[in-house]
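A.B. asks: Before anything else, here's the structure in question.
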Amino acid sequence: MKAVTLLLALATFGAQANHEHEESHSHGAHEHGHGLLNFVVDGNQLMIELQAPAADLVGFEHAATTAEEKAQYAKALAQLKQPETLFGIAPAAACQLAHQEIKAPQPEEDHEGHDHDAAHDEHHADHNHDAAHEEHEGHDHDAAHEHDGHADLGAIYTYNCTAPDRLNGLTAKLFSVYPSLSKLTVQGILPSGQTAAELTPTANTVNW
């Protein structure tokens with residue numbers, strides 16, 4: 001499967017998971033401590049998508065305004081750019097990070113983000129988004145989405161594996177990095193089909 005197809009598969013899979021995540025939010029409060037982890041394995045490629053509340057990844061959900069908050073936010077983004085500290089991949093698979101995309105607004109964009117939903121309909125025509133871009137933008141927005149003022153951040157990581165046949169599991173090391181994160185809902189697409197799991201700090205590995 002080509003990389004573009006993998007991206008589409010992950011986007012579609014992630015959108016479904018995000019929809020279910022949002023559905024659960026619509027019936028209650030934003031659930032701190034609960035993240036989403038989606039992954040796709042195909043050929044020699046592994047793609048991982050992480051989404052979690054900013055309260056857990058950053059330490060707060062509001063727009064960073066003070067110098068201290070902006071520094072804390074920048075530190076959180078830098079942490080997301082170190083997936084080797086967040087995930088454990090079988091060394092025998094010899095997977096190398098090929099690409100990463102952080103799904104998070106910059107501090108100076110946060111206030112605009114708050115106004116985006118209210119102004120979106122009025123300015124929609126000016127954006128000239130085609131259908132494909134709408135879908136992509138929606139996926140990007142979901143990854144850094146705000147549920148009634150509660151922000152989620154995330155990232156997508158793409159790996160090329162020299163020995164993909166030795167790739168038989170994924171460990172979530174991020175529980176030690178983000179102590180307030182207590183649960184990850186996991187969904188995966190494998191050559192053999194789909195898989196799902198729920199990871200916690202004491203049971204942090206999904207095997208296949």
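The values are calculated or read from the model by the stated rules, or taken from the named source; none is laboratory data. None of these values were measured; they are calculated from a predicted model. Every residue, glycine as well, gets a Cβ built from its backbone with ideal geometry; the counts of neighbours run over all protein chains shown. For the accessible areas, the whole protein counts, side chains as well, though only heavy atoms, and no ligand, DNA or RNA atoms are used. Shrake-Rupley method; radii C 1.70, N 1.55, O 1.52, S 1.80 Å.
A.B. asks: Say the cut-off is 19 Å between C-alpha atoms; which of Lys81/Lys183; Lys81/Lys103; Lys70/Lys103; Lys70/Lys183 go over it?
C.D. replies: From the list (Lys81/Lys183; Lys81/Lys103; Lys70/Lys103; Lys70/Lys183), the Cα-Cα distance tops 19 Å for Lys81/Lys183; Lys70/Lys183.
A.B. asks: Quick one: how many Å² of Asp165 are accessible to a 1.4 Å probe, rounded to 10?
C.D. replies: 130
A.B. asks: Hand me the trypsin sites (Lys or Arg not before Pro) from segment 32-104 located in a DSSP loop with no more than 16 other Cβ atoms within 10 Å, in residue order please.
C.D. replies: Lys81
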